[in-house]
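The values are calculated or read from the model by the stated rules, or taken from the named source; none is laboratory data. The structure presented is a predicted model; accordingly, all values stated were derived computationally and were not measured. In this analysis, Cβ positions are derived from the backbone assuming ideal geometry, glycine residues included, and neighbour counts consider all displayed protein chains. Side chains are part of the model used for accessible areas, which takes the heavy atoms of the whole protein and leaves out ligands, DNA and RNA. Shrake-Rupley method; radii C 1.70, N 1.55, O 1.52, S 1.80 Å.
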Amino acid sequence: GDWLQGPYVYYLYSTYGFGKGEIGQLFIAGFGSSMLFGTIVGSLADKQGRRRACVTYCITYILSCITKHSPQYKILMVGRVLGGIATSLLFSAFESWLVAEHNKRGFEQQWLSLTFSKAIFLGNGLVAILAGLFGNVLVDSLSLGPVAPFDAAAIFLAIGMAIILSSWTENFGDPSENKDLLTQFRGAAVAIASDEKIALLGAIQSLFEGSMYTFVFLWTPALSPNDEEIPHGFIFATFMLASMLGSSLASRLMARSSPRVESYMQIVFVISSASLTLPIITNVRCLQLLGFCTFEACVGIFWPSIMKMRSQYIPEEARSTIMNFFRIPLNIFVCIVLYNVDAFPITVMFGMCSIFLLVASILQRRLMAISDKPKMENWTAMKERDPEAEALND
């Protein structure tokens, strides 16, 4: 349901006669609503139930799809607000439900890595490719117009909601019934402030996802600077194929004890940074497309890897709340970029994204360093208790 919409949001708004600045404002509405309401809906998911939050996601996104039939700016703005709320639920409630259900059933922790990898490979890869190709058939082959993918998305979301209602059990975050939303916010903020690993993870996620969502806005005008006709669905499917290959690589990497996730993600961030510099240094469309596919491959590695790290570092009792806290700086960054979309050329915005990805690599290095500290401290303590251990190490 989500992937069907991706390639055609910008295109649909442009067919309604809106310019880049107005389209940027519509995108801002989505990211802004995700920032304002994201933490609230995340906390409600922890308190009222993750299954219920997933159903709410389906309903909210269906309503957002319906608004796409109107060319009126205000109605489209309402749709973007609804879409922003739905996005917050998509990136918190489903993962929180999965991790809680996994732990409740007593499954091995290592299985989460396999599940995350398969979810990205199939959901963010194969399904996304099929969605892009299907959208291309609806818009180009069947000439149903750019709103057709949104109607198809609403149908799939309704099917998904039926599956959730019929087969999922409910689970919650903090079992205390006495904690109101403000208390949940405070607890999540304290957890982030008191644990550097959680704070670093949040900063890394915000920097990478901020660059990724800015890229979602930029790739269409970058590949068609003069409003040339391009096969949006086919290009999107190509991106998703690259993402699927990346998630497959991540699955192989996480199946090994070395290198650790914290280690190889430093390299991934550097490569993703370099890939977004291609639109700056060349106007050749094929090279730009190659860079974009490389970036999408990095996205495919990022998703299961960040899920793995979140499962290790974020406490279960406030998982949805903390995850949506991470989205606040992300949405602020994207809103600032899109608000100034007419003030800067596309090359400048790609340059900003590249710099933020380099910073993410530096923070990832710091995360790896402090995650190794307990191991070093334990080894030092063991040496103090057992002198033979030091001799063995020598």
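Side notes on the structure shown:
- With the simple spin-label model, which puts each label point 7 Å out from Cα in the Cβ direction, the Ile230 to Val359 separation comes to 2.7 nm.
- Among Ala369, Ala318, Ala29, the largest mean-square fluctuation in a Gaussian network model of the chain (Cα springs under 10 Å) belongs to Ala369.
- At an R0 of 30 angstrom, the distance between the Cβ atoms of Leu126 and Cys286 translates into a FRET efficiency of 0.75.
- Extending 7 Å from the Cα toward the beta-carbon at both Ile75 and Arg252 defines two label points whose distance is 5.0 nm.
- Lysine pair count for the chain (Cα-Cα distance under 27 Å; residues 8 or more apart in sequence or on different chains): 21.
- Cα gyration tensor of the chain - equivalent ellipsoid semi-axes, whole Å, descending: 36, 26, 20
- Per-pair calculated FRET efficiency, R0 = 35 Å: Ala343 and Val190 via Cβ, rounded to 0.05: 0.40
- Protein heavy-atom accessible surface, 1.4 Å probe, per residue over the chain: 44 Å².
- Accessible surface of His69 - all protein chains present, 1.4 Å probe, nearest 10 Å²: 100 Å²
- Contact order normalised by residue count of segment 1-175, Cα under 8 Å, 6+ apart, percent: 40 percent
- Carbon plus sulfur fraction of accessible area for the chain, probe 1.4 Å, in percent: 66 percent
- Candidates Thr238, Thr321, Thr115: whichever shows maximal mean-square fluctuation once the chain is modelled as a Gaussian network with Cα springs under 10 Å: Thr115
- Computed [θ] at 222 nm, deg cm²/dmol, the chain (DSSP H ≥ 4; -39,500 (n - 2.57); rounded to nearest 500): -26000 deg cm²/dmol
- Rounded accessible area of Ile328 (nearest 10 Å², 1.4 Å probe): 50 Å²
- Gaussian network model of the chain, Cα within-10 Å springs - most flexible of Gln266, Gln25, Gln109: Gln109
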